[in-house]
Every structure is written in structure tokens, then in C-alpha cells.
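The values are calculated or read from the model by the stated rules, or taken from the named source; none is laboratory data. Fair warning: this is a prediction, and the values are worked out from it, not measured in the lab. Here Cβ is always computed from backbone atoms with ideal geometry, including for glycine, and neighbour counts include all displayed protein chains. Ligands, DNA and RNA are stripped out before the accessible areas are found, and what is left, the full protein with its side chains, is counted by its heavy atoms. Shrake-Rupley method; radii C 1.70, N 1.55, O 1.52, S 1.80 Å.
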Amino acid sequence: MELSIIFLPLIASIISGFFGKYIGDRNSEIVTSVLVSISALLSIFVLYQVIVNQYEENIVIATWISSGSLDVNWSMLIDPLSAVMLVVVTSVSALVHIYSIGYMSHDPHKPRFMAYLSLFTFAMLMLVTSDNFIQLFFGWEGVGLCSYFLIGFWFKKESANAAAIKAFVVNRVGDFGFALGIFLIFYLFGTVNYSEVFQQIPTVVDKNLSFLGFEVKAIDLICLLLFIGAMGKSAQILLHTWLPDAMEGPTPVSALIHAATMVTAGVFLVVRCSPIYEYSPLILNFITIVGMTTAFFAATVALVQTDIKKIIAYSTCSQLGYMFFAAGVGAYNVAMFHLFTHAFFKALLFLGSGSVIHAFKDEQNINNMGGVWKKLPYTYALMIIGTLALTGFPFLSGFYSKDAIIEFAYLKGNTTGYYAAGIGIITAFLTSIYSWRLIFKTFHGEYNNKVIKIEETHESPLVMLVPLFILSIGAVFAGFLFKGLFIGYGDNLFWAESIKFLEPLSTEHPPLWFLLITPCLVLLSIPIAYYFFVKNKELPNSIVSMNKPLYNFLVNKWYFDELYDVLFIKSSKKLGLFLWKFCDGTIIDGFGPDGISSFIKKCSIKATKFQSGFIYQYAFVMLLGFSALLTFLILK
Amino acid sequence: MNFPILSSLILLPTIGALFLFFIKEKEGNNTTIKYVALFTTVVNFLISIYLWIAFDQSTSSFQFIEDRIWIKGFINYKVGVDGISILFIILTTFITPLCIISVNNSVKNKLRDFLIAILIMESFMIGVFSALDLVVFYLFFEAGLIPMFLIIGIWGGARRVYSAFKFFLYTLLGSVLMLVAIISIYWITGTTDVVQLYEIGIDVKYQNLLWLAFFSSFAVKTPMWPVHTWLPDAHVEAPTAGSVLLAAILLKMAGYGFIRFSLGLFPVASDVFTPLIYTLSVIAIIFTSLIALMQEDMKKLIAYSSVAHMGFVTLGIFTLQQQGIEGSIIQMISHGLVSAALFLTVGVVYDRMHSRLISTYGGLVSVIPKYSILFMLFALASLGLPGTSGFIGEFLILMGAFKDNFLVAVIASIGVILGAAYMLWLYKRVVFGKLLNEDLKKILDLNRSEYFILSCLAAPILFFGFYPDPLINTIEVSVTDLINMHNTNIVSK
């Protein structure tokens, strides 16, 4: 039964991918949606078993690679951590499958799309249920591949293709670190299975490695390398540039892959490796810093973007930052909690924005929207719920998870902790502002679209609204219901062995005034945003014109793309050209084969001149030689 | 050992070639010729599969040995296989029939002679992989040049003569030193029998020079940086079947030679020169990947990517780790399949459009979807995606390298990023995007024989990606033994 959770999506993908032509569009949609939904129900059942009966299982499916001392199995590990991920992945995936039936109804390549979605689900499940690092890597690259396919799904669009390649290659940069991390683990422990590696961790705590003349602690190096992989997949600052571009893909893809599941794989990796990370305070601090920088950076950029999907993409990036700094301060369970709640409300926001885009016939610029809240009442209401949950409005799911992150950062009690808590509060405020900006500019104010009339905008069909509705239930209640289970203060019964805490998390509570800051700011931000973006629209413009350089800096996303273009893309192209034309062409061929052959040719031309055929020339040379010989003999 | 199975493998294609020699080529109808060639090679493939089944995986000693006196007291015709060579033999017998099917579309004139060249080449290649006597090995190794020289020089493209000579002289020049080394080994030890040489060993004081002499030959054939410049030219000018043979099998002779002779005969010297190999391999991986990024000609791009992939192979061999060497062997088998497939996919569109330039294409996916799917699979295998055979090889190599030398593994891993960049960019420019070239609208999708060939290649790429055990089990004992032998030699020094 457990195995069918993983393999049903694979079967769905094969049926739809290879036989979609024969069984028709509608049947492909039904088959994939049904199979993935069954998988989702089974996952929920498994999670229930895990919660109630402390069910754990490690199923070995087959051997994969066994070379020397390296033994890798295809396997399925069920423990609390993977059970939670199973539910997140399969349930969001099932809803996205159903939603796609409506969203992609005008697309000519439906079976292919559904096949990719199911294949992605399969790869993601392989990732979360692995019991070793190499199968994890398989899933890791597999989801990357599906993401590549889906971003570039509209293959005729040049920008979509470019974004797809960018996503894959930037992820490969992260994978480069990840792979090296795996090599190092194998080098140190002689195995890549989680349980065996984690067991041996305490024995290498004091081990040092020298690399390029530096002495580094082995544990720190492992953690850093694995984290580089996580940064790539979870779009953390420096390796984040692919995520906003990935919005070129169809919106359901953005909801499933670039919000709820794949991008959280990095967080999952860090949490899964908590038995390693716990021994490396240095890298945990580094993770905190990276996480909060990303959270802040992405929130500032989201403030000024005008593409509805890009705003939500930067918001995702920012929320992932929150998860990382939760993990960085050692509150892995809180990171998982935020991952869990975020999956619901962010998928809701994406699918909701998809519904808006659908209504506007593929318009994505929020400046060309507005005033349609009466036309799209359900979408509007659901988007509001998503926004409230995201911003952490009291008693919705984001409130529980995000505030818990800030609290634990504060409770950490060291400089990074306080700093992170401060940035966390500021970012929560920014999050609230940009989220409401999105809502107000999309649904309120005047109608600004010149291409289609307001009468032509229409509410989405039921097949799209029902998944939204189910997600909104999660967005409202997930926090309240699962808080005790995921982060119940003090006791750590649910996570059991799957998350390791070297020291138990602090059970104290921060002072009341601290607890009240974030909710107050969040509440305050709604009227502020309303004033700015509905009441007094000139104000934002005048602020922009006053701070032109800052605005440009934000609109251009801190100039990361431009920087990388110069640093990496242009320079490697130039280098390639140089190595090809100059090194291979001029130097190697010029002095090598071509040079030698032309040299020999020249010599032989010279040599042929000796054989002129004139007797007197030969006689003259003989005479010369003869006299030279004679001279030599006489002098001797 | 009663039935001379290896000799039959070697001789059968030549006998087939002889048959062809006596069939008269008719205008327009060459089915008989093709069927004779195909039949020969398929039978050969089946024999080699039988060989694999009958092969005993639990021992590292050579099996199916045939030993006949050739020149008394000097050279014995000795052949035999161990776990390492058997895989290369099967690769050869597997790729050759596919090449023969593929000539349907690409070779228009002198088909009979072309097939004779291919069959004879197969004989020589199998000879190389089964030879257990240095002289016999050398003869097969060098003889393989001749049919390839003819294939490029006669059936090649516009600059075929330049490329054929470059190929021939480059590789011949490297091999001259190997011949000298073989002769000196005979003078030093009194035998050229590899099995005996393994036992008695070669005096340490000669090893360095001898190693360098063998290296000069293998480095050119691999090809390693900086003696790789013949390869892009040869590939670009060769007809599709020629490119396939060249990339899939000819390049593997050198990798095989490194394992069998450099490591086996000169263990101490191999240790001494490991830094040299590392440096050249890493340079090959990074430089040629960057060069591949900038190519405008599809075949040249794949040729340069071959150099990078072979860089991984040489790197893995000299890590002298179980994972490294096994990874190298799997990488060679995998590259044999993948590069063959990639050259064939380029061949498919070349036959239709007569252009190898990337800029000619774009938007193919909307007109020829089957082709696009298979091309995608091969591109992914080439960039080493988990689930394809390319991943197993590359990952094991890097794992082995990491054990031996951090820095090398780190730099080589950058090649993996670049590999993704050039392969996906190639694919995007050829297959995705809008269909702008009007001529492409009429292009036909894969016909039955092309579909068959490419599927035959896709199947093992995927199968071994998910289940590489059959390969690893075959080589495991031989590789372990090789490493043990090496280690005892180092210690006793």
C-alpha cells in the first residue's frame, strides 16, 4: 500500500504521457487526477497511522548501485517527517491536477501537461521518502527536470525556454555543492544511508580536513555543501534568480512546484539532516543569516513588482527564507510547520492568481487590472483568505507558524537570534504591505484594462474553484489544528527520531509586548496599504519619483541578473570562444599538426631545390666536400 | 576450452566482408549486400551475448583463452577476456549492426565498400579488446585506423581529406612510441604475453619511460587535451555511421588500454604520473565544455562534449579507487551508447536538411515530436541526469576522485554544470522555439529503421540507469583484483 503512494503518480504519468494520444484529453485528465488523488488519500491515511500508532517503516524496493563499499537501494522510508511531506506533496498535487483541468482547457497539449505534473509528483515522492542521499539526489534532479519541462511547457515562447534552462542550470550549481557534500559523506563514513551516517556523526565531530591549505571542520564542510544544494533548490539569495523567471510556466505549475513542494525540498533537506546540522553551530548561524537576508531581500523586491505572479514568487522566496532561519536557530519543527501551512496558503494564492489571469485572458500586470471584485466574488474572497493567512492575520495558519519562527529566533538568545527576530518582524510588515497592494490593485480601484471590457471578465469554472476552496480550508485551519502536533512546546513526541535536537528547544515564552508587535503591524498594514493603493494613488508615485535610485534598485531586483550576466554568462562565452579559436586553433593546431605539416612541406621544398639535375652543381658540391675533407685530414 | 569462440567473434565479420567482396553491387538495389552485413553482425552480437552468459563473474582470471604459436619463440596469438574486456566486446557487437541499419539513409555511393570497411573494423575492434599479447594488441590497435581513415576520406564531407590525414597522422604518431615500448618490453622481460607480464612484473626503473610511451599513444586516441584537435574535425567530416563507430568504440580503445596496460603493467609509474593525468583530465573537462558551449555545428559540439566525457574517464581510471575505475568503465559504455545516439540524431536531421548548423533548425518539436522526445532523452543522459547510465558513471567517478583528491573532484564537478548548460542550450536552439525556417515545415519524423535504432540505444541507457548491477557485477571482481595487484606492487616497491 505504501508503495502505491509513490508509484500511482508514475503510472498516471506513463499512461497520460505515452497513451494520451489514444485515450484522449479528457481521459488523460481523469486518469491522472484520480490516481494522484488516491495517492493523496493513502498518504493521509499513512500520516494518521504515524500520528496515532507511531508507525515507521523502511521498505527496500531494489538495489540500485553497489560498487565496492557503496551500497544504494531504491527504498521508501516512512517516518513522521516523510509522512508530513507525503501529505503536503500529494494533496497539493491532487488539487493542482484537478484545477489544471479547468485552467488548461484551451491548451492543445493537455496529456503532456498532465503527464509532467504526475511525473513531478513521482520524483518529489522519491525525494522525500528516500532513506539515502543518492536516491534523494535522484529525486532532487528529477524534480528539477520536471520543473524544466514545465517552465518551458509553452516551448514556442523564447522567454519560457530561457527561463527553463536558467532554472536547470542554476539548480545544477546548487547540485554541484550537494553532490560534493554526498562525496564527502561517503568519504568520511563509507556509506550514504541516513541511519548509518547519522549514527556515526558524533565520532567525526572533532575531525578536521585540510582543503587548499585551510583547516576546516569536516562537519562544517558537509553542512555547508549540503546547504549550497538547498540554496539552489529553495531559491535562497545568490541562487534565487531562477525562481521569478520560472513564472513563465503555466500557473498550476507555479502553485505546485514553485510554491508548495519542490522549492521546499531545500528546507526538507536541512531538517532531514538535523542530526548533522545540530553539530555545526557555525553553519546554522550561516543558514540563519542567509535565510533572513533572503526573506528581507525578496520582500523589498516584491513591493515594487507589477507582475502578479512575480510578486507571489518573490513572496515565496521570502517565506522560504523564514523557513531557513527557523531551521538555522535550531527550530526544525517550526520550519516544517511553516512549510506545511505555507503549502496551503501559497498554493491558494497562486491558483487564485491563476483564476484572475484566466479571467483577464492571460493578463498578468496588476496595473492593468482593478475594480473586478464584484465580477469575481469567489476568487476575490479566496484570495483574501490566502492573503490573510500569508500575512499572519491572527488565528489563521500563517499567524501560528510565522510568529512561532520569530519567537524562537528571539528565544535563541544570541546576537544572530535577536537580529533575525528583528528582520523577521520588519519582513512580516513588508509582506503584509505587498500582499495587500496586490489585492487592492487587482480587485479594487478603477478598471484599468484596455484590451478586454470589464463585462468580458468572468468567474472561473467550478473545477477550478473547488480546489481553491479546499486549499482555503487548509489556509484557515491548518495552523490552529496542527500547532500542538508540530510544535507543541517542550514535548517532541510526534517527530520522534526524525528530527534531532541536541538540546531541547526552549520552553519559555517571550515577553507579551514582543508577541504583540507582529500582529499589530500586520493589522496596521491593511489600512496603510488601502490608503496608499486605493485612496491616495498619487502618493506611491511621488515617493517613487523622490527615491528614483532606490526604486530602480528594487525594480531591477538588486541587479543580480545583470551581475551574473557579466560575471558568468558573458565571460564563459568569451572564454569558450577564446579557448576554441585561439588555444585549439592557433596554438595547438597551429604549432601542432598544421604547423608541423607546413614545416615539413617547406623543408622538402628546400630539399628538392638541391636536386636541380645540373651536373655542374653536383660536381661543385662534391668539390666543396672533397676539399673540406682534405683540409680536415691535413690539419689533423 | 574447445570451441574458439573469441576467434570466431573476431573472424566472423571479416568472413562476412569477404562474402560482400564477391557480391556485385547493383544500381539502386543493395538489399542483399545490406542483409549479408546485417546478418553477420547480428550473429556476432548473439555470440557475444552467449559469451557474456557463459562468462564466470566470480573470478578475475582470463577466460576463453586461446593461445597459438604465431612466430615461434616470439609472438603468440593469444586472446582471452576478463570482466572488463567483455563489456567492450559487447558494446562493439551491439553498435555495429545499428550502424549498418543506419546507412540506409546516409550513404549513397559505394555502399558495398562502406560495409566492408565497417565489418573489418568490427573485427579489429573485437581483436583489440580480446588481445592478450602486446604485439597482437598493437596490430589490431593500429589496423583499426585504416578502415576509419577510408571511411572519413572516401565517404566524408567537404574537408574529408584534410580531416582523414589529420586523424591518421595524429594517431599514428602517438602509436610509434608504443611500438618501441613493446619491443623494449620484449627485450627486458623476454615475453609479450600480458598474463605472464602481470605475474612477473616489469622492473621499476623502466616503468616510467615505458608508461610515457604507452601514454603518448593512448592520450591521442582518448583523446586527451591537448592532443584532441583531430577529433572534432574527424567527426564533422565523417559520415554518420563513421562518427558513431569513432565515438562509441574507437575512443574506448584508449580507455581500455589505460586500464589493461598502463595500470596493469606499470603500477608504480601509474602512481607517479597520476598528477599529470589529473591535470590534463581536468583541463579537458573544463576547457572543452566551455568550447562546446560556443559551437555552431552540432556534430562539433558533440565531439567536444566527447572530449569532456573522456576526461572524466581518464580521471576515474587513475583514482585507483573501486568507484573511480568502475565508474570509468560504466562511463565508457554509457558514452558509447549516448554519443552514438546523439550522432545518429544529428544524422537524422542532416539526412533531411543537409545542414549540421544549429542555426538552420529551431522549433522541431512541433513538426517531429517522436524525434524530439528521443533527442531529449539522449541529451539528458549526456548531461548525467540520475536515472540514465550517464549519471552512474559520472557520479561514481567523482566519488572515487573525491576520495583521492578533493580539489580535482571539485573542479571536475564544475564540468557537470557546464555539461547541462551546453546540452540544454543545444536542445533549445534545435528543438524548441518557433519554427522559422520554412523548409523545416515539410521535415519528416523518424522512419521505422531510425526509430528502431534510436529505441535500441535508449533502452539500455535507461535500463542501466536504473539497474546498473549487470554491468557492475561483471567488472567488480576484475577491478578489485586490479586494484589489489596495484597496491601490492606499490607496497613491495
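Structure data summary
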| item | result |
| --- | --- |
| Integer Hz, Karplus 6.51/-1.76/1.60 couplings in order for the stretch A:121-132, x for Gly and Pro | 4, 4, 4, 5, 5, 4, 5, 7, 9, 5, 10, 8 |
| Backbone N under 15 Å from the A:Leu563 label point (7 Å along Cα→Cβ), restricted to the stretch A:215-251 | A:236-242 |
| Test item: A:62-75 mean partner chain Cβ contacts at 10 Å | 6 |
| Neighbouring partner chain Cβ atoms per residue of A:579-590, average, 10 Å criterion | 4 |
| Virtual spin-label span in nm between A:Asn414 and A:Lys21, 7 Å along Cα→Cβ | 6.0 nm |
| Accessible area (Å², 1.4 Å probe, nearest 10) - A:Ser612 | 40 Å² |
| Under-5 Å amide H pairs with B:Ile75, H placed in peptide plane, nonlocal only | B:Trp70 |
| Above-threshold pairs, the threshold being 32 Å between Cα atoms, out of B:Lys300/B:Lys434; A:Lys375/A:Lys483; A:Lys110/A:Lys402; A:Lys574/B:Lys441; B:Lys78/B:Lys299; A:Lys217/A:Lys412 | A:Lys375/A:Lys483; A:Lys110/A:Lys402; A:Lys574/B:Lys441; B:Lys78/B:Lys299 |
| Burial order of peptide ranges A:63-73, A:179-189, B:180-190 (average beta-carbon count within 10 Å, highest first) | A:179-189, A:63-73, B:180-190 |
| FRET E, pair B:Ser366, A:Asn536, Förster distance 60 Å, beta-carbon r, rounded to 0.05 | 0.75 |
| Exposure rank, largest accessible area first [A:His342, A:His358; 1.4 Å] | A:His358, A:His342 |
| Projected label distance in nm at A:Ala381 and B:Ala54, using a 7 Å step from Cα toward the beta-carbon | 7.9 nm |
| Other-chain or far-sequence residues with amide H under 5 Å of B:Asp133's (modelled H) | B:Lys78, B:Val194 |
| Label-reachable residues, the stretch A:439-455, where backbone N falls under 20 Å from a point 7 Å from A:Val544's Cα toward its Cβ | A:439-451 |
| Computed label-point distance, nm, for sites B:Ile373 and A:Trp513 using a 7 Å Cα→Cβ extension | 6.7 nm |
| Solvent-accessible area, 1.4 Å probe, carbon plus sulfur percent, for the stretch B:266-493 | 64 percent |
| Area buried, chain A against chain B - accessible surface, total, 1.4 angstrom probe, square angstrom | 5100 Å² |
| Computed E for A:Gln199/A:Ser572 - FRET, C-beta separation, R0 30 angstrom, nearest 0.05 | 0.10 |
| Accessible surface, per residue, of the stretch A:89-194 when the full set of protein chains is kept, probe 1.4 Å, Å² | 19 Å² |
| ³J(HN,Hα) computed for each position of the stretch B:354-360 - Karplus, 6.51 cos²θ - 1.76 cosθ + 1.60, integer Hz, glycine/proline x | 6, 9, 9, 6, 4, 5, 5 |
| Built amide H within the under 5 Å cut-off of A:Asp71, gap 5+ | A:Val192 |
| Nearest-0.05 FRET efficiency for B:Leu169 and B:Asn208, computed from C-beta distance (R0 25 Å) | 0.40 |
| The stretch B:266-493, relative contact order [Cα under 8 Å, separation at least 6], % | 29 percent |
